[in-house]
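Please read the structure below before turning to the comments.
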Amino acid sequence: LGVLQPSFTAAMADGEDGPAFEYDEDSGVVTIPERDGNAFHLSVAVRKATDAKLSVRGGTRTVSAELQRLHDARGVLRALQADVDAYNAASEGDPPAEGSPEEALRRYRRHRLLQQAPSYGVRLAGGPGAGPVRVRGLHELLALVDDAFAAQDAEARRMIDRGECDFASLGELFRPGRELLDQGAATGVPGAPTGFRCRASYLRRTRTVQGGEGRTFYVALECVVAVGSALAVVEYTHLVADYTGTRPVHTQDGFSLLTRGAREALAARGRLYAEVALGPTLMEHGPGDFEAAGPGGSRTVAGRVMVDTSGALAHGNVHVGRAGGAAADAASA
């Protein structure tokens, strides 16, 4: 087995014996030693992201995964690295004032890793002096996969820049951190644009009843919505079935790349949305801006309305009209 030198260097810097993983270039297999202790271990991350199994030989526990499988699950491993970086950045310095926007952002940045810790068997101490969280070898493993598939990734980016995407390039289109525009596929409100951020993605391979290979691409997307009297980050899982050839990016199951202009428009609408959703707001509306929840069709006259999201959630059956205007925009945001 050929030891990847950057991994070995990182291992020695951490004060541990042996490399974080070993890579056999001939077989294309990465072997990771299973380790104990209260920490996020690379072997556990790989087992969770792929179908790799724990192997015990001669008292040595290892996890082995083909490089192609790691490429399929790269979006999950990238997401873990991003969650670790966000957690560490949010844990630095003095805590912000309670109830401030900075405190809410800090909780959001720490939330993802805190949520995952129990499934790794990890107890995060937190607080001053706790030190940063690390997944030893993860950065080097991602660098290995990126280097092995650099040509394929470059072609995928060129294809996406041209406005096209084939199934093999979905990992670059739905790359963790990518901002996307949804036109109703996720929200169920056709024609109401919503901004999403891609959190994670992975390709799952299965066997069909005919003995062939089936492929499904999974994407975890998140956005901010009003829940009662508060704003919350919610996650939506999107599935893309296997297809041949290429598809236009802007028709990729209702998602397209979020442009700067669209982002600014959504931000302006979001400020209106927050103002309306988090307090009783009297707004003017035009005819046809709202559809009646019961029989009778759309409201045909203009007027004013008190927007009460808590009451709307409790009552249910709230529909948004097709007409433009501030009231309809706020309600359909």
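Computed from the coordinates by the stated procedures, all read-outs in this text should not be read as laboratory data. In this text, all values refer to a predicted model and were calculated from it rather than measured experimentally. FYI the Cβ positions are ideal-geometry reconstructions off the backbone, even for glycines, and counts take in every protein chain you see.
Per-structure values
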{"read-out": "Residue-span extension gain [A125 to R207] - 0.36 nm each, minus C-alpha spacing", "value": "25.3 nm"}
{"read-out": "Linear extension gain, V225 paired with E155, 0.36 nm per residue minus alpha-carbon span", "value": "21.7 nm"}
{"read-out": "Added length on full extension, which subtracts the Cα-Cα distance from 0.36 nm per residue, Y243 to Y108", "value": "45.0 nm"}
{"read-out": "R0 of 30 Å, Cβ-Cβ distance E92-R197: FRET efficiency to nearest 0.05", "value": "0.85"}
{"read-out": "Inter-label distance for D51 and Q68, nm, one decimal - labels placed 7 Å from Cα along Cα-to-Cβ", "value": "1.2 nm"}
{"read-out": "12 Å beta-carbon shell around G93, net charge (K/R +1, D/E -1)", "value": "-2"}
{"read-out": "Computed FRET value (nearest 0.05) for V233 with N38, which takes r as the C-beta separation and R₀ as 30 Å", "value": "0.65"}
{"read-out": "Among 149-156, 111-118, the order from most to least packed when residues are scored by Cβ within 10 Å on average", "value": "111-118, 149-156"}
